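As structure tokens, the structure follows; a few thoughts come after it.
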Amino acid sequence: MAPDKRRAMIAEQAVPLFLEHGAALTTRQLAEHLGLAEGTIFRAFGDKDSLIRAAVEAFFAQGRARMTEGLVDPALPLDEKVAALVTGMRTWTSSMMRMLSLVDREDIPHFLSGPRDGTYRAAIAAVFAPDAAELALPLERLGSIMRIAGIAANAARVDEQAGLTDDELVHFILYGIAGVPRGKD
């Protein structure tokens, strides 16, 4: 296998292990999981920090690939789409926080900014395009709403009483704080 392909394969395969074990994952555990010699990992990356950085990059690349494949079926009813996205955002945000905890704080903006944000916003807009006439916000703003939902969904990590259930988040996104669905009694 070519060195670049081997490096990419190792980084991609390391993602679920870093999600499970965090920084405690050893190169020995990774090598055993992959059926490789530990030296192969060090030849590919030089050190564990380079491996971690490559795994975090691979995590975000995998996320961008999922976005281009479509996040949720746009044909679903609006409430089902929002529910599926809230659940997905809870999982994604939790995993993202776990992966970002592996890198130095000053490196985090590198992973969170840039052209990849446009991919996310376009994916969210595509999900809601069939419902555009019913929505109170333009399609291009919905990515921000769903991102906020992902952060809110994980607020319990900071303050257990602040955490919202998926149902509470879905209701808030659909109906705001007034609590009354449009067109309903």
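The values are calculated or read from the model by the stated rules, or taken from the named source; none is laboratory data. Computed from a predicted model, the values in this text were never measured in an experiment. Cβ placement follows ideal geometry from the backbone for every residue including glycine, while neighbour counts extend to all protein chains displayed. The protein model used for the area step is the full one, side chains on, heavy atoms only, and it has no ligands, DNA or RNA in it. Shrake-Rupley method; radii C 1.70, N 1.55, O 1.52, S 1.80 Å.
Couple of notes before you dig in:
- Test set (1) more than 20 Å from ILE108 (Cα to Cα); (2) open to solvent by 30 Å² or more (accessible area, probe 1.4 Å) - LEU19 fails condition number: (1)
- Complete set of residues in segment 126-153 that are touching a Gly at 6+ places or on another chain (Cβ under 8 Å) and either at pLDDT below 90 or surrounded by fewer than 17 Cβ atoms within 10 Å (Cβ to Cβ) (or both): ALA126, ALA153
- Per-region count, segment 90-121, residues open to solvent by 60 Å² or more (accessible area, probe 1.4 Å), in contact (Cβ under 8 Å) with a residue 40 or more places away in the chain and more than 16 Å from ALA61 (Cα to Cα): 2
- Matching residues, segment 36-77, being charged (D, E, K, R), within 30 Å of ALA133 (Cβ to Cβ) and not in a helix (DSSP H, G or I): ASP73
- SER50 vs. criteria within 30 Å of GLU140 (Cα to Cα) and of a type in the set (Gly, Ala, Ser): no
- Subset of segment 167-185 (residues that are at pLDDT 75 or above and open to solvent by 40 Å² or more (accessible area, probe 1.4 Å)): ASP167, GLU168, HIS171, PHE172, ILE173, LEU174, TYR175
- Restricting attention to segment 58-95, the residues that are within 24 Å of ARG6 (Cα to Cα) and hydrophobic (A, V, I, L, M, F, W, C) total 5.
- Only one entry of ARG66, ARG7 meets the criterion of being touching a residue at least 12 places away in the same chain (Cβ under 8 Å), open to solvent by 70 Å² or more (accessible area, probe 1.4 Å) and within 25 Å of THR119 (Cβ to Cβ), and that entry is ARG7.
- Scanning segment 22-49 for residues that are more than 18 Å from MET1 (Cβ to Cβ), open to solvent by less than 40 Å² (accessible area, probe 1.4 Å) and not aliphatic (A, V, I, L, M) yields GLY22, THR27.
- Filter pass, ALA31 being small (Gly, Ala, Ser) and either outside any helix (DSSP H, G or I) or in contact (Cβ under 8 Å) with a residue 40 or more places away in the chain (or both): no
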